[in-house]
Amino acid sequence: MFEVSMQSIKEYFTWETWEPQLIELSQRSLMILLIIGLTWLALKMRKIIITRVFDINISRMQEKQKDTLESLLLSLTKYIIFIISILMILSNAGLDVAPIIAGAGVLGLAVGFGAQTLVKDLITGFFIIFEDQFSVGDYVSINNGEINGTIVDVGLRATKIRTWGQHSVVIQNSEIRTSQNYNRERMRAIINVTVPYEIDPSEIEQAINEVSNELTMNQKHLFLLDDKGEVMEAPQLYGITDVENNALGAKYTVISMVKDVHYWTAAKEIRKGLLKQLNKNGIQISYPRRIERHENGSEGFSDL
């Protein structure tokens, strides 16, 4: 009996007993090392590929958008590669990964239902950055004028805007339905001026041309220039755009292509130049007036 027990114990210290386990352990270890090596290689390759793609195919994007998207994709692919590698290592270690995957799926579904707005914010933020809808420094109007201001920060979850009054407004990306960007290389300044009906339109056109000549000569930097350095669209009369205008007079519209960074300055300078030139030419800007008819048939104007 004792001899049988000793013989059984000795069998545990023989090569034949441990050979299958050692071979299997070495195979699993080599496979795990191979997975780790492939993971390291995949991490290096994904960085090279993503960097090359952004350098070659998305050259029109600004540096900030390129850096943000590149960082986002690098982070996302890193997590994906790590998760796949960990699951493969656990599987080679003899663990059943099916319950882990199923549990992660149920957990992810529960989190998704509880954080739908957050997921929507992230997806919307990604496409805002990817499509370059607006970037830091752009003046925008959000949701048909609900928020107007300069973009301070564009994140995946929210966008920060500073209004003209220097208030900082944070809006969730999923709440952005429409956006109007005032900074995309070119802008058209549209200026309206209303003058009495009795003024000859040719006098208005002459005043506008004089203002245009002065501005393009002295403040050429405000306007959009072509390849030859010439103004593409100087201030010019678009036409009479309203003849009722609450009975104030005829409304004339002046248009001009200006640089986006000088949009507000150019519009102010055109208005100032028009007011100055019209006054110089003896043409008054319309204001509320009434016509008085006298018994002798004469007419007169009086201010309201």
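A simple charge model with +1 on the Cβ of Lys and Arg, -1 on the Cβ of Asp and Glu and nothing else charged puts the dipole of region 111-194 at about 120 debye relative to its Cα centre. Computed extension length for residue 240-residue 141: 32.9 nm, one decimal, from 0.36 nm per residue of separation with the Cα-Cα distance subtracted. Using a probe of 1.4 Å, the accessible surface attributed to residue 287 totals some 80 Å² when neighbouring protein chains are kept in position.
Look at where the Cα atoms of region 132-161 and of region 27-56 average out, and the two centres are 37 Å apart. For residue 213 and residue 93, the FRET efficiency from 1/(1 + (r/R0)^6), where r spans their Cβ atoms and R0 equals 51 Å, is about 0.05.
The values are calculated or read from the model by the stated rules, or taken from the named source; none is laboratory data. The shown structure was predicted, so the numbers you read here are calculated from the model rather than taken from an experiment. Cβ atoms come from the backbone with ideal geometry, glycine included; neighbour counts cover every protein chain shown. For accessibility, only protein heavy atoms count, side chains too; no ligands or nucleic acids. Shrake-Rupley method; radii C 1.70, N 1.55, O 1.52, S 1.80 Å.
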